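In what follows, a single structure is set out as structure tokens and then discussed.
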Amino acid sequence: MAEVERLTGQLVDLASTGVDISDPGNGPRPGGLRRMDAAGGWFYFLVAPREPLIIVVRIIPPFDAL
């Protein structure tokens, strides 16, 4: 959880400097649902257009933690 918070904080910081953050992570196209690796697991997120806001949709922990 802490790693996801750290990574989303960094994405918000990038957005506040003017960097387009609709492209980082893995996804079918820019701006849609994105996936990013975090501490052996991953999380899915959406980027709110025109706002420094990351919406975390789902967090998947590492498989050994399940």
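The values are calculated or read from the model by the stated rules, or taken from the named source; none is laboratory data. Everything numeric in this text was worked out from a predicted model, so none of it was measured. Cβ placement follows ideal geometry from the backbone for every residue including glycine, while neighbour counts extend to all protein chains displayed.
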**Report entry** Given (1) closer than 18 Å to ILE60 by Cα; (2) touching a residue at least 24 places away in the same chain (Cβ under 8 Å), number of the condition ARG6 does not satisfy
**Finding:** (2)
Query raised in the report: Considering region 10-30 alone, what residues qualify as being surrounded by 11 or more Cβ atoms within 10 Å (Cβ to Cβ), modelled with pLDDT of 80 or more and of a type outside the set (D, E, K, R)?
Result: GLN10, LEU11, VAL12, LEU14
